[in-house]
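Let me begin by presenting the structure, written as C-alpha cells, before commenting on it.
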Amino acid sequence: MKAVVIIGSSAVGKMTVAQEVAKRTCFILFHNHMAIEPVLEIFGYYNMKAVNDIRDAVFNSVSSGRYDGIVTTLMCNFESDADKNYIDHIIRILEKHNIVDPCIVELVADPETRKKRNESENRLKNKPSKRDLENSRRLFERYENTGRYESLPGEVGYEHYIKIDNTNLEPCAVADAICETFQLY
C-alpha cells in the first residue's frame, strides 16, 4: 500500500489534485475537510483534537490491506512545530502499518491564483464551511498574514518529496506529474 500526503497553503489546490490522483490510482481519497466539516457541524467550531482523532482513526483503519493506497491533504504552517510534527505523526502511523516510503507533495501557487481558487466551484461543492464566502475570504487573508505555508529550500527532509508550483498547471497535469514521479500507476 502507498500513501501520498499533499501539503500546502490555503486554496492551493490540494483537494482538487488529490481527487485527480485518486482517480488515476484508485487510492482512497481523504482530504482534510473530510475530517474538518463533520467536526464543525457537531461542535460548531474547529476542535483540533477531534479533527486529529478522526484523521488518526482513518489512517489507522486504511491499512487493512484492502486498498492500494491513500491520498490525503493537510495545510502545513512551516513556522508551527505542531503542524510539522503532525505530518511526522501521520507518517509514523502509516509506517506502523507497513506503508513504506510515504510520498510528500508540496503544492505552491501565487496568492492571486489561490484567491481565485478559494471560491472555485469544486472547493465550494466539497467544503460546506467555505460557502460562507465572506468568512472564507477572511480566513484566507488570515492565513496569508500569519505563518509560512511554503517550505524553504531543504526544509522538508522526506526522501520521497516533491514541490510543485501549480500556479499555471491544471490539476490533471499535476496529478500526472505526481503519479509519474512516484510511480503510482
For this session: Return yes when Leu139 is at pLDDT below 95 and touching an Asp or Glu at 6+ places or on another chain (Cβ under 9 Å) and no when it is not.
Result: no
Exercise. Conditions: (1) closer than 19 Å to Met15 by Cβ; (2) at pLDDT 95 or above. Asn126 meets all but one. Number of the miss?
Worked result: (2)
Exercise. What number goes with the only condition from (1) surrounded by fewer than 15 Cβ atoms within 10 Å (Cβ to Cβ); (2) of a type outside the set (Lys, Arg); (3) at pLDDT 95 or above that Val108 does not pass?
Worked result: (1)
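Only one of these is outside any helix (DSSP H, G or I) and in contact (Cβ under 8 Å) with a residue 40 or more places away in the chain: Ile36, Ile99. Name it.
Ile99
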Problem set entry | Residue, nearest to Ile28 (Cα to Cα), within segment 76-85, restricted to residues that are in contact (Cβ under 8 Å) with a residue 24 or more places away in the chain and either open to solvent by 30 Å² or more (accessible area, probe 1.4 Å) or touching a Ser or Thr at 6+ places or on another chain (Cβ under 6 Å) (or both) | Phe78
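Does segment 48-58 include one or more residues that are in contact with a strand residue (DSSP E or B) (Cβ under 6 Å, 6 or more places away or on another chain), assigned to a helix (DSSP H, G or I) and open to solvent by 20 Å² or more (accessible area, probe 1.4 Å)? Can you show your working first?
Of the residues in segment 48-58, the ones in contact with a strand residue (DSSP E or B) (Cβ under 6 Å, 6 or more places away or on another chain) are 58.
Retained after the next criterion (residues that are assigned to a helix (DSSP H, G or I)): 58.
Then drop every residue that is not open to solvent by 20 Å² or more (accessible area, probe 1.4 Å), which leaves 58.
Looking for residues that are in contact with a strand residue (DSSP E or B) (Cβ under 6 Å, 6 or more places away or on another chain), assigned to a helix (DSSP H, G or I) and open to solvent by 20 Å² or more (accessible area, probe 1.4 Å), one finds at least one in segment 48-58, hence yes.
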Exercise. Identify, please: which residue in segment 128-185 is among the small types (Gly, Ala, Ser) and in a loop (DSSP other than H, G, I, E, B) and is, among those, least open to solvent (accessible area, probe 1.4 Å)?
Worked result: Ser151
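The values are calculated or read from the model by the stated rules, or taken from the named source; none is laboratory data. None of the values given here were measured: they were computed from a predicted structure. Please note: Cβ atoms are built from the backbone with ideal geometry, for glycine as well, and neighbour counts cover all protein chains shown. Calculation scope for accessible area: heavy atoms of the full protein, side chains included, ligands and nucleic acids excluded. Shrake-Rupley method; radii C 1.70, N 1.55, O 1.52, S 1.80 Å.
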